[in-house]
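The values are calculated or read from the model by the stated rules, or taken from the named source; none is laboratory data. Since we're looking at a predicted model, the values are computed, not measured. Cβ atoms come from the backbone with ideal geometry, glycine included; neighbour counts cover every protein chain shown. Heavy atoms of the whole protein, side chains included, go into the accessibility calculation; ligands, DNA and RNA do not. Shrake-Rupley method; radii C 1.70, N 1.55, O 1.52, S 1.80 Å.
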Amino acid sequence: MAYRLPPLNTLRQFEAAGRHLSFKQAADELGLTPSAVSHAIHTLEDWLGVALFARGHRSLSLTPAGAAYLTQVRTALEVLARATEAVPGRRATGRLSVSVAPTFGLCWLIPNLPRFQARHPEIEVTVDTAQRQVEFPRDGIDVALRRGDGDWPDLYATRLVTEDLVPVCAPAMAAGIHSPADLAGRPLLHVVSTSEDWAAWADLAGVEGLDLQRGSRFDTIHMAQAAAAQGLGVAIGRLPLVAGDLSAGRLVAVLGPPVQSRVSYWLVAGRELLARPEVAAFRAWIKAELKEGLHGPA
């Protein structure tokens, strides 16, 4: 029995337009023009004989029929995408898209990525640092590197390395810090976006009686580490992120040894993507890199 289906490209454009409620944003995502998306939607509406969008002067909304259809179309496209990725023996594409937080990308992935490229010159890597929740496989991301507790339902997640905490500062400042009491006269640097900061380190290290709330605050881990390297104060260094600065001597760990944080770094992917040669190669490489202690000296 032949399937009675509208042109499949119109379904893809309808899903994007319905998700964004914007022909322009859908066009940007798909590499098309807004007029091409608008024409595809009109083609689909003509084929169905029903309006899918209510078009205002500067607004776009789904009709009841469009909202109901969007849910089913999105599910169908996801099934097709997963089935395509899971085809046994599928030919390697030579491309790999990695989603990563900017700090992990700057501090660990980019400095170490040349070793992966040297081992797999046939794989072209794209690094995506957009701060968003990845939807596999729709977003075109193959693997994501995430900091967390491993709670990603319905996805494959493997722990790469636990995060270790240790205070760090510039070498000149480190020369005067020999015990926790020496922190009293030094500026403390904080990261506002993470709870694994000074209070977490003190609790894990058994340090008491210090005012750990004072000091400057920064949006990202990378900025706090950079400020510490410039001599602005003492920050909580997070291994493996601080590895490069420690190895280069820009930062020195004080009041060690490092203590293990409550969070870890994970590789996350859709299960249907694991069989892709590029994903398998990257997963094996990054697990070996971190297992071998390439997160740097403590």
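Return the pair list, or none, for Cβ contacts closer than 9 Å from residues in the range 13-37 that are touching a residue at least 60 places away in the same chain (Cβ under 8 Å) to residues that are open to solvent by 60 Å² or more (accessible area, probe 1.4 Å) and not acidic (Asp, Glu), at least 6 apart or on different chains. Pairs found: Glu15/Arg74; Glu15/Arg138. Only one of the numbered conditions (1) closer than 19 Å to Gly237 by Cα; (2) loosely packed, with under 15 Cβ neighbours inside 10 Å; (3) of a type outside the set (Asp, Glu); (4) more than 19 Å from the chain's Cα centre (by Cα) is violated by Ala170, and that is (2). Only one entry of Ala269, Ala248 meets the criterion of being among the aliphatic types (A, V, I, L, M), in contact with an Asp or Glu (Cβ under 7 Å, 6 or more places away or on another chain) and either open to solvent by less than 10 Å² (accessible area, probe 1.4 Å) or farther than 18 Å from Leu145 by Cα (or both), and that entry is Ala269. When you look at Leu96, is it at pLDDT 90 or above and in contact with a helix residue (DSSP H, G or I) (Cβ under 7 Å, 6 or more places away or on another chain), yes or no? Criteria met by Leu96. Being touching a Pro at 6+ places or on another chain (Cβ under 6 Å) and surrounded by 15 or more Cβ atoms within 10 Å (Cβ to Cβ) is not true of Asp197. Cβ-Cβ distances below 9 Å connect the following pairs, each with a first residue in the range 227-239 that is outside any strand (DSSP E or B), a second residue that is acidic (Asp, Glu), and a separation of six or more residues or different chains: Ala228/Asp245; Ala229/Asp245. Going by what's in this entry, would Asp151 be described as under 28 Å from Val279 (Cβ atoms), without any contact (Cβ under 8 Å) to a residue 40 or more places away in the chain, open to solvent by 10 Å² or more (accessible area, probe 1.4 Å) and acidic (Asp, Glu)? Yes.
Considering the range 1-18, and only residues there that are among the aliphatic types (A, V, I, L, M) and over 25 Å from the mean Cα position of the chain (by Cα), the residue that is surrounded by the most Cβ atoms within 10 Å (Cβ to Cβ) turns out to be Leu11.
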